[in-house]
Amino acid sequence: MKIIKNKFVFIVFLGFHIQICSGQEINPSFRFSTDTTSIESAIEIIENQSEYHFMYLSSWIDGKYTILDRDYPTIESFLDHLIINTQINYFIKENVIYLTENFHIETELTPGLFGDEEYGNIDISNDDGGHIFSRDLQTASGILDENKTAVQFIGNRKEADWNENSFLMGEVTDKKTGEPLPGVTVQIKDSFKGVTTDFNGNYKLAIPTGLNNLLFSFIGMAPLEKNVMIYSDGNLNVALEEQAYELEVVVIESDRQKNITSTQTGLISLESKTIEFLPMVMGEPDLIKAALTLPGVQTLGEGSGGFNVRGGKVDQNLVLLDGAPIYNTSHFFGFFSVINPSSTDKMDLYKSSIPAQFGGRLSSVMDIHVKNADTEKLKISGGIGPITGKINAEIPIIKNKMSVLASGRSSYSNWVLKRVDDESFSNSQASFYDVVTKLSYQINEKNRLSITGYHSHDDFKLSSDSLIAMNNLLGSVIWKTNISNKWDARIQGSFSQYDFDMNYDRIPEDAFLFSFAVREQQGSAAIGFFPNEKHTFDMGVDVKRFELSPGNLAPGGDESLQVPQNLERERGIESAVYISDDWEISEKISSKVGLRYSGFAMIGAAETNLYAEGIPKSIATQTGTESFSRGESVQNYHGPEWRFTLRYATTASSSIKMAYDRSRQYIHMLSNTASISPTDTWKLSGKHVKPQIGDQFSLGYYKNLKNGDIEISIEGFYKRMSNVLDYKTGASLLLNENIETSILQGDGKSYGVEFLLKKKAGKLNGWLSYTFARSLLQFDSTFPVEQVNGGNWFPTNYDKPHNLNITTYYKFNRRFSISSNFVYNTGRPITYPLAQYDLAGSERIYYSDRNQFRIRDYFRVDLGLNFKGNHKIQKIVDSSFSFSVYNLLGRDNPFSVFFTAEEGEIKGYELAVFANAIPTITYNFEF
Amino acid sequence: MSCCLIFLISCRTPIDLESLGFEDLLVVEAFITDLDPIYQVTLSRTSPLGSENPKYESNSTVWILHEDGTRFDFPMTLPGVYQSESKFEIITGDSYQLFISTVDGLSYESPPIVVKSTPNIDSVFAYYDPTENVAQLSVATSDESGDSRNYRWIIEETYELTTPYPAEWKIVRDSLVPRIETATTCFKYNNPTNIFIETTQGKSQDRILDFPLRSLSPDDPHLRTKYSLLVKQYAITADSYLFWSQIREQSERQGGLFDVQPGSIQGNIVSTSNFEEMVLGYFDILKGNEQRVFYDHSDIPGYNQPPYEIECELLTFDPPEDNPTPFTPLEVAKIYTRSNLIFEAPNGEINFEIIYVNEQCGDCSTIADTNVPEFWND
């Protein structure tokens, strides 16, 4: 009933919305009982009272109301009133009224488009054979979807070879900003044939000559369908509009069918603007914390830095900001992430089948995209929360070509600390800031350049202890170019530096300054090759240079007795070549096969400790040292990293995928604290530290319901890791000249099942995720000193088997919405005392096996209320308030259980980080 | 505003000590120093978490072997306590080895430990630190030879109490009788069990200028009359330092986010019967020296005398109005003896207003020792 019959769609071939008026009279006895009625019920009444039937898609009229306050002499006058203030057009054929939704196709076409193809009107006089035309129509009625209104003609009909493919190419832009949109999926609907646009927003698609139904979809944009009649090679440029109703809705992966059609598994995409509505601790929106609500991503506990992906350690995540790695992802001990979401567009987190272009970390790649500033209009936005203030400026430099984003965020927590009526707090300090800037330059149609810079700084001092300062400094330059329709290229250079120092000066004689730094420079070149619609090749080279200052201790002043101590710098080069092919084997099966071959060399100058063979390394078994001159290779490692995915489309809206991938990691973080501490250091692979190697198998089933409004996925994975780093009990990892004697390398394994249900549209949306997963470690050796837990498998300290998250967002109206989080997980393992004993006048605690006890389960509910200012178009400042309560129930979820001796007696305590409900108000503005 | 503060939000809740699994291990306490009146080794066993009394390892044979072959036996004097027969001389530079043979026939030993010399304490001193608002008691030491490097200190504190309201009366068998002996000066002893260690490894000089041992608030009752700290200093080996620093780290945990993960701590005593058996404890044999410092509130400018240990509330007894006889001792006794009160009757007349205080505020001997220690100077 509500479906338009296909064969009439050709009426809009002429490019206009034709309204055929039949002039028949409506039943004059008809009147509406109320002035205001829904379009749907008005239609129902007409259908009941007249001969007319309506054809339309219910989504066009859902929730739309109209005012019908008089008699309507003709059906046309009725319809004219019915559709007033809507985007709907109508035409009448016999007793059937066809409603169509208004499209603005014409306005999106660039003038040059008319050069080599015909648009909007069929020149019948040029037609050399009417039979072809009728055949076109036949095809049209055969394939065209119901909700289509226009067909565009591409190429020259005279050149049409109906048995061959033609190439369709063009540019996809953002209608609002005019900027090209990279990563847009261009798909021949219901066929799985498709490509994505490159960095310049260009695509090239081999497409069967004849009538095709194309779908352009992109995260955050309204999907656009186009009917195109392809005669020969030609261009089609389109502009996508922001998905208006999704602006205020929590959306993840809104590329409607991408989860089904792509070969990618284990991908989480989060848009910055969507997470702003999630209730967060201290009202601080946070991409990483938001990712924790999705399956397979965990953290040790509240306030711990970093995140764990599918049982991997924190240092096994490669976090990239426009291609440059971020070494320390946490502010303020780990309570906040260093990325200010208002400066970013979106984040992709690859948990498995990591694209071959990425490498160097075992567990995941978090690819964060900094926003491209608007090229047309100056935009300033900002926010004020209890912890930070932030401001964001988008500055056009050359209209439609060049723009600059400048964004900054700073805490005023120092100010808060100073005002606390407690001396130990007022003597403390803790503050942070981060700034990001990005220049985006569309040089011409084929070339695009972007330069990103980022800096973050933290410092804190608790009571009168040492002052610790941490810095991230990174940047990248990316140049993307379109060589031809078949080739494109990306050249990238980046650097990243992370350093921290500890400054102690309370007692001048003991004053010291300790510093650590890791630097990375990276260069890469990538080429994309699209020989035909069946293959997409990506290949490239990637070189990274690392330099570490593992520790530098200097006296803090003239009076200090501290002897300077410098641990030798470590240098290394990691290089890789890769190639991958996204290969569509058949309609149903496609596969992505990739190989990354990586190598690592630790290079001199270096002095390496040598130890006696076959016995545990210790200072006692050190036999000497070996010196390497500058540039000389100390140790080499290399090996292949396979990336393989297979997708089988079970139906148009469901698929099964399997993936296997291997990764190698040559730089490792050393940590012996429960939580990742800002003063953890890094270490390169070398003579005594082997690269970590990880293998992961995953299998998933993906199903979309309601045209992609609801997504369901189940993914299972099994992962093995070798040469995972850990430490011996009591190991000192700072300033240790024989660090290898304190390090253990062993095996890790993790496995689990992840379930995700997402609802992406409607008043109520959000997601439910449940994960069952285990992650275990094993450090076995013939020597007890190199064993942990007797060489048996034991759980990692972030092993939380059951994990349930429910995130919902309910929009009452344009101005008011509610969001909530529900989080449950199994308590994490901790090391629990096995016995107590008396020594040196006090009871002491004996700990044995690691992580054999679990703290209480974690359970938390958060609530957020969002109020927006009114929507007057001319208003200068757009403002909104968010009121949120973190841990609404005030449950004292334990972070850890610990034991201490007080006055000679052992006492046990549970430490809760956020033991109370934390209400916060934030204010955001935009103008 | 406080809700915005992470430090205030995190909280510690005491939990019951619950034993989850147990490992029965030998614990050896063998801190042998020439400053002690007698050398003592204590053998005990681990007990499940939360248990009250430690178990002792009795009837073992314990001896220390000097490098020249001389054997010093430590016969058992109390369950688990083994004391040397004589206070033999500990010779700097010589090595000593501890041997244990349990009643079950298991044997344990330490490696030979070389006795280090301990430099004299430069000073034990006290000062008021205005930034932290504490009276700081610290030790300073140095070793020009640079051989000492690792130090451990054992401290003993003594302080004098003066009874704030010396009682003149007491209740004996329901009668109020004059109090003949009221202690007004007493002494309390305390041996803090914190592990005090410091190293100068990595320093240009083997010198410690200010190692804080004890911090007292200016209004701490310890400083009310007079406070004394005895500091015993020992130069220890690097291995001993590592052991005690791990014990300290695990005993004095703050439960922060960045606490080092705990694990078992290997001492220097091994089982020669079963190589894999874990033995807890450490054998130190040391020569030390000591110094004492006195301090009290008058050394802190601008602070009044701190209060007495126990809060003393002065209460007045008013005879009931319907009884014109002001007071009979029996009546008072009936009312107050249960709370163990001592009476002070001004001017010694009992029909005057009766002021009473807690017993501990009227006579310090109820909570402390009345003997004046021999080192106490006036």
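The values are calculated or read from the model by the stated rules, or taken from the named source; none is laboratory data. Worth saying up front: this structure is predicted, and the values here are computed from it rather than measured. Positions of Cβ are generated from backbone atoms using ideal geometry, with glycine treated the same way; all protein chains shown enter the neighbour counts. SASA here: full protein model, heavy atoms, side chains in, ligands and nucleic acids out. Shrake-Rupley method; radii C 1.70, N 1.55, O 1.52, S 1.80 Å.
Looking across the stretch A:374-397 at every residue that is within 14 Å of chain B (Cβ to nearest Cβ) and not in a loop (DSSP other than H, G, I, E, B), the one that is least open to solvent (accessible area, probe 1.4 Å) is identified as A:T388.
Filtering A:Q492, A:Q497 for residues that are surrounded by 20 or more Cβ atoms within 10 Å (Cβ to Cβ) and in a strand (DSSP E or B) leaves a single hit, A:Q492. Among the residues of the stretch A:539-568, those that are open to solvent by 40 Å² or more (accessible area, probe 1.4 Å), at pLDDT below 95 and not in a loop (DSSP other than H, G, I, E, B) comprise A:N552, A:P555, A:Q565, A:N566. With respect to (1) touching a strand residue (DSSP E or B) at 6+ places or on another chain (Cβ under 8 Å); (2) free of Cβ contacts under 8 Å to residues at least 60 places away in the same chain; (3) more than 9 Å from chain B (Cβ to nearest Cβ); (4) open to solvent by 50 Å² or more (accessible area, probe 1.4 Å), the lone exception for A:I876 is condition (1). Listed by first and then second residue, the pairs with beta-carbon distance under 9 Å, at least 6 apart or on different chains, first residue in the stretch A:421-441 and polar (S, T, N, Q) and crowded, with 16+ Cβ neighbours inside 10 Å, second assigned to a helix (DSSP H, G or I) and at pLDDT 85 or above, are A:T437/A:S343. Within the stretch A:524-538, the set of residues being open to solvent by 30 Å² or more (accessible area, probe 1.4 Å), under 28 Å from A:G493 (Cβ atoms) and not aromatic (F, W, Y) comprises A:A525, A:I527, A:T536, A:D538. Within the stretch A:764-788, the set of residues being of a type outside the set (F, W, Y) and open to solvent by less than 20 Å² (accessible area, probe 1.4 Å) comprises A:N765, A:G766, A:S769, A:T771, A:A773, A:S775, A:L777, A:V788. Of the candidates A:Y847, A:Y832, the single residue that is under 30 Å from B:I155 (Cβ atoms), hydroxyl-bearing (S, T, Y) and over 30 Å from the mean Cα position of the chain (by Cα) is A:Y847. Looking across A:A605, A:A620, A:A612, one residue alone is out of contact with any strand residue (DSSP E or B) (no Cβ under 9 Å at 6 or more places or on another chain), more than 30 Å from A:K189 (Cβ to Cβ), open to solvent by 20 Å² or more (accessible area, probe 1.4 Å) and without any contact (Cβ under 8 Å) to a residue 40 or more places away in the chain. It is A:A620. All conditions in (1) over 27 Å from the mean Cα position of the chain (by Cα); (2) surrounded by 13 or more Cβ atoms within 10 Å (Cβ to Cβ) hold for A:A649, with the sole exception of (1).
Highlighted here are the helices (runs of 4 or more DSSP H) found entirely within the stretch A:27-117 that include at least 1 residues which are open to solvent by less than 30 Å² (accessible area, probe 1.4 Å), among the β-branched types (V, I, T) and at pLDDT 65 or above: A:39-49, A:58-61, A:75-82.
Just one of (1) within 30 Å of A:R828 (Cβ to Cβ); (2) buried (at least 19 other Cβ atoms within 10 Å of the Cβ) fails for A:K657. It is (1). For A:F358, are the conditions met, namely being without any contact (Cβ under 8 Å) to a residue 60 or more places away in the chain and open to solvent by 10 Å² or more (accessible area, probe 1.4 Å)? So A:F358 fits the description; yes. Taking the numbered list (1) over 26 Å from A:K204 (Cα atoms); (2) more than 14 Å from chain B (Cβ to nearest Cβ); (3) touching an Asp or Glu at 6+ places or on another chain (Cβ under 6 Å) in turn, A:K534 passes all entries but (1). Being closer than 30 Å to A:G383 by Cα and free of Cβ contacts under 8 Å to residues at least 24 places away in the same chain is a condition met by no residue of the stretch A:852-871. Consider the stretch A:813-857 and keep the residues that are more than 9 Å from every other protein chain (Cβ to nearest Cβ) and farther than 28 Å from A:V297 by Cβ. The one that is surrounded by the fewest Cβ atoms within 10 Å (Cβ to Cβ) is A:N813.
Kindly indicate whether A:L888 is open to solvent by 10 Å² or more (accessible area, probe 1.4 Å), among the aliphatic types (A, V, I, L, M), within 14 Å of another protein chain (Cβ to nearest Cβ) and closer than 26 Å to A:T922 by Cβ. Spelling it out, A:L888 is indeed open to solvent by 10 Å² or more (accessible area, probe 1.4 Å), among the aliphatic types (A, V, I, L, M), within 14 Å of another protein chain (Cβ to nearest Cβ) and closer than 26 Å to A:T922 by Cβ. Kindly indicate whether A:M347 is surrounded by fewer than 22 Cβ atoms within 10 Å (Cβ to Cβ) and in contact with a Pro (Cβ under 9 Å, 6 or more places away or on another chain). So A:M347 fails the test. The single residue among B:P221, B:P212 that is at the interface with another protein chain (Cβ under 10 Å from one of its Cβ atoms), over 14 Å from the mean Cα position of the chain (by Cα) and under 24 Å from B:F375 (Cα atoms) turns out to be B:P212.
Among the residues of the stretch A:900-913, those identified as facing chain B (nearest Cβ under 7 Å) and either open to solvent by less than 20 Å² (accessible area, probe 1.4 Å) or in contact (Cβ under 8 Å) with a residue 12 or more places away in the chain (or both) are A:T900, A:A901, A:G904, A:I906, A:G908, A:Y909, A:E910, A:L911, A:A912, A:V913.
Among the residues of this structure, B:L65 counts as one that is outside any loop (DSSP other than H, G, I, E, B), hydrophobic (A, V, I, L, M, F, W, C) and either open to solvent by 10 Å² or more (accessible area, probe 1.4 Å) or modelled with pLDDT under 95 (or both). The number of residues in the stretch A:656-683 that are more than 22 Å from A:F644 (Cβ to Cβ), away from every other protein chain (no Cβ under 14 Å) and among the β-branched types (V, I, T) comes to 1.
Number of residues in the stretch B:245-278 that are within 11 Å of chain A (Cβ to nearest Cβ) and modelled with pLDDT of 95 or more equals 0.
Has the stretch B:85-101 got at least one residue that is aromatic (F, W, Y) and within 14 Å of chain A (Cβ to nearest Cβ)?
Initially, the stretch B:85-101 is screened for residues aromatic (F, W, Y), giving B:88, B:96, B:99.
Add one more test, that the residue is within 14 Å of chain A (Cβ to nearest Cβ), and what stays is none.
Scanning the stretch B:85-101, I find no residue that is aromatic (F, W, Y) and within 14 Å of chain A (Cβ to nearest Cβ), so the answer is no.
For the stretch A:546-576, taking the residues that are small (G, A, S) and closer than 15 Å to A:Y498 by Cα, the one that is farthest from the other protein chains (Cβ to nearest Cβ) is identified as A:S549.
Look at the stretch A:308-321: where a residue is touching a residue at least 60 places away in the same chain (Cβ under 8 Å) and within 18 Å of A:N803 (Cα to Cα) and a partner is part of a strand (DSSP E or B) and of a type in the set (F, W, Y), sitting 6+ places away or on another chain with Cβ atoms under 7 Å, you get A:R310/A:F717.
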